[in-house]
Structures are given as C-alpha cells and as structure tokens.
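Report on the structure given below.
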Amino acid sequence: MSKLAQDIILRPIITEESMQNTALKKYTFKVAKDANKIEIAKAVEELFDVKVAKVNTVSVRGKLRRQGRFEGYTASWKKAIVTLTEDSKTIEFFDGMM
C-alpha cells in the first residue's frame, strides 16, 4: 500500500533561515518519520508540480521541556530540505512569505 503525498509532506517550515534558502530554490518541510528521500521527492513533485534535484533529511530529536515540577520531551520529528532543479518553477506558497 503506497502512501499519499499528503501523508508524507506534513507541513512547510517557515523560519528566517529557511526563508533565506528559498532564493536558492531550497524549501524546508516537516515530513513523516518513516518517509525516505525518494518518497519525499515524488511527493513534492506531485503536490507542487516542480522538478526535484535532491533531498536532504534531518531527524530532529525531541527537546526536554518543563511545566512547573513536571518534565517531559517534545516529540521527535523529521525535516526535509528539498532542492529544486535550475529550470524548475518555484513553489508559489513560499513566494507569498517573502
């Protein structure tokens, strides 16, 4: 059973650093923890109708958080930095953020 593109790409990551990379056609997304680079590339191509050159992934560990005397960890998650090809169009969603 194959996963849907919406199940792989969970949400875009909008930070100051990731917005600077959009000029280089690098876009950052929160992705499913079990997704691999090939699945991520196909999902981005399907959702945004662009051509992907490469995908870098980072597993982000959960951080220790305290609420009074109680403490616990935030959930671990996976981040993907997707680089588009030179002749590919940009992702319109990120263009409105700049």
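Below, the figures for the structure above:
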{"read-out": "Accessible area in square angstrom per residue, region 7-98, 1.4 angstrom probe", "value": "69 Å²"}
{"read-out": "Positive-end residue, the chain charge dipole about Cα centroid, Cβ charges, pick of V50, G72, Q6", "value": "G72"}
{"read-out": "Accessible area of L47 in the full protein assembly, 1.4 Å probe (Å², nearest 10)", "value": "70 Å²"}
{"read-out": "Using alpha-carbon coordinates, inclination of helix 37-48 to the longest axis of the chain, degrees", "value": "60 degrees"}
{"read-out": "Size of charge dipole - the chain - debye, nearest 20, with Cβ of Lys, Arg +1 and Asp, Glu -1, no other charges", "value": "680 debye"}
{"read-out": "Candidate aspartates and glutamates - alpha carbon under 17 Å from K89, same-chain residues fewer than 8 apart omitted", "value": "E45, E46, D49"}
{"read-out": "The chain - convex hull of alpha carbons, volume per residue in Å³", "value": "115 Å³"}
{"read-out": "Under-5 Å amide H pairs with V60, H placed in peptide plane, nonlocal only", "value": "W77, K78, K79"}
{"read-out": "Charge context of T83, other residues only, Cβ under 12 angstrom, K/R +1, D/E -1", "value": "+4"}
{"read-out": "Y73 paired with T57, simple spin-label distance in nm, labels 7 Å along Cα-to-beta-carbon", "value": "1.9 nm"}
{"read-out": "Two-site label geometry, N21 and E92: point separation in nm, points 7 Å out along Cα→Cβ", "value": "2.4 nm"}
{"read-out": "Reachable lysines, given that their alpha-carbon falls under 19 Å from the alpha-carbon of K63 and they are not under 8 places away in the same chain", "value": "K30, K33, K78, K79"}
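The values are calculated or read from the model by the stated rules, or taken from the named source; none is laboratory data. Model, not experiment: these values are computed from the prediction. Reconstructed Cβ throughout: ideal geometry from the backbone, glycine too, with neighbour counts over all protein chains shown. Ligands, DNA and RNA are excluded from the accessible area calculation, which covers all protein heavy atoms including side chains. Shrake-Rupley method; radii C 1.70, N 1.55, O 1.52, S 1.80 Å.
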